[in-house]
Amino acid sequence: MLTDKDLNNLPDNPNVSVAEAGKDTLLYLNKGTVDVPDWLIVGGQRNTPLSRKANTLDASHKTSGGWGSTVPGLKSWSIDYSGLQIMSDEALQMIDYCFINDKQVHVKIAYKNGSYRTGWAYITEYNDDNAHDAIGTVKITLEGNGPISELITTATIDKTTAAFSKAAAADAVFTISPSTAAVSTVKNGSTALTAGTDYSYSSGTLTIKQSYLDAQNNGDVVLAVTTDSTAFTLTVTVGA
C-alpha cells in the first residue's frame, strides 16, 4: 500500500501552461468604499463574459490605392451576466437597487490565479426567466462607464512580522510583489502614518522608519497596509 507520503510526492506535470477553466472566473461587486473595497461575490453564477471593443473609424481617402482604411475609435466594455435566481443573494439585491436607481456598481472580474480587472458600470438590462419547467435564472447587462482596468496581479508580501530593538535601532523593511504594486495607506489603528516621515515605499520596498518605531511603546505595533489590490496586517515587535 502507498503511504500518505508516497501519494503526496506523486510527480507534477512540469508544463504549467494550462488553460483556465471558465468556472473559475468570478464576478464580484464592491459593497465597501473605493479606498477600502469589500468585494461581494455574485451568487449563482453561470457565465460572466467580458466584452471589450473599439468603434471603427473610416480613415479611407482618395490616395489609399482603392483600399479602405480603418482606425480604432472610442473603446467600451460590457459584461453579459447570467446566473441562477437566488432571492436572498445580497449581490443580486445590490444589482436590483442600482438598476432601479440608476446607480453605478463597482465590479471586479477575478481569475483563478488571483489576478483581476475592475471598473464602474451601469446596469442597463435585468431579465428574469421563470419557466415552469426550469430553474429560475437572471440575465444582466453591465455597461462600463469609463475604462476597465488592465489586468492587476494581487500583491504579496515577504513577511508579516518583524522585530525592532531600541538598543540597535534599524528600519523594518518589507518586500511587496509585484514591485509595481501601489501602497495607498499605512495605519496604526485609526492613525495614518506619514509617507516620507514615518515610512517610505518605492518599487516594492516598504520601509517602516526607525525614528517612528523608536517612538512607540514596547510591545507589538500592528500596522494595516493597504495596496491597490489587497491589504496586509504587519506586526512589528518593539523591544528595549
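The values are calculated or read from the model by the stated rules, or taken from the named source; none is laboratory data. All values derive from a computational prediction rather than experimental measurement. Because the Cβ atoms are built from the backbone with ideal geometry, glycine has one as well, and the counts that use them run over all protein chains shown. Heavy atoms of the whole protein, side chains included, go into the accessibility calculation; ligands, DNA and RNA do not. Shrake-Rupley method; radii C 1.70, N 1.55, O 1.52, S 1.80 Å.
Which of the residues that make up region 115-147 are open to solvent by 30 Å² or more (accessible area, probe 1.4 Å), assigned to a strand (DSSP E or B) and either over 20 Å from residue 76 (Cβ atoms) or among the acidic types (Asp, Glu) (or both)?
Those that are open to solvent by 30 Å² or more (accessible area, probe 1.4 Å), assigned to a strand (DSSP E or B) and either over 20 Å from residue 76 (Cβ atoms) or among the acidic types (Asp, Glu) (or both): 125, 127, 128, 129, 143.
Let's see how each residue does on (1) over 25 Å from residue 152 (Cα atoms); (2) polar (S, T, N, Q); (3) under 25 Å from the mean Cα position of the chain (by Cα):
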{"position": "172", "(1), (2), (3)": "yes, no, no"}
{"position": "175", "(1), (2), (3)": "no, yes, yes"}
{"position": "190", "(1), (2), (3)": "yes, yes, yes"}
{"position": "198", "(1), (2), (3)": "yes, no, no"}
{"position": "203", "(1), (2), (3)": "no, yes, yes"}
{"position": "210", "(1), (2), (3)": "yes, yes, no"}
{"position": "213", "(1), (2), (3)": "yes, no, no"}
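Considering only region 148-175, how many residues are part of a strand (DSSP E or B), touching a Phe, Trp or Tyr at 6+ places or on another chain (Cβ under 8 Å) and either over 18 Å from residue 213 (Cβ atoms) or among the small types (Gly, Ala, Ser) (or both)?
The number of residues fulfilling the criteria is 4.
So, in region 14-62, how many residues would count as being more than 13 Å from the chain's Cα centre (by Cα), assigned to a strand (DSSP E or B) and of a type outside the set (A, V, I, L, M)?
Residues that pass the stated criteria total 9.
In this structure, does residue 207 turn out to be farther than 30 Å from residue 85 by Cβ, modelled with pLDDT under 95 and surrounded by fewer than 19 Cβ atoms within 10 Å (Cβ to Cβ)?
Against the criterion (farther than 30 Å from residue 85 by Cβ, modelled with pLDDT under 95 and surrounded by fewer than 19 Cβ atoms within 10 Å (Cβ to Cβ)), residue 207 does not qualify.
So, in region 40-98, of the ones that are over 24 Å from residue 149 (Cα atoms) and among the β-branched types (Val, Ile, Thr), which residue ends up least open to solvent (accessible area, probe 1.4 Å)?
86
Would you call residue 144 closer than 30 Å to residue 88 by Cβ, at pLDDT 90 or above and within 18 Å of the chain's Cα centre (by Cα)?
Answer is yes for this residue.
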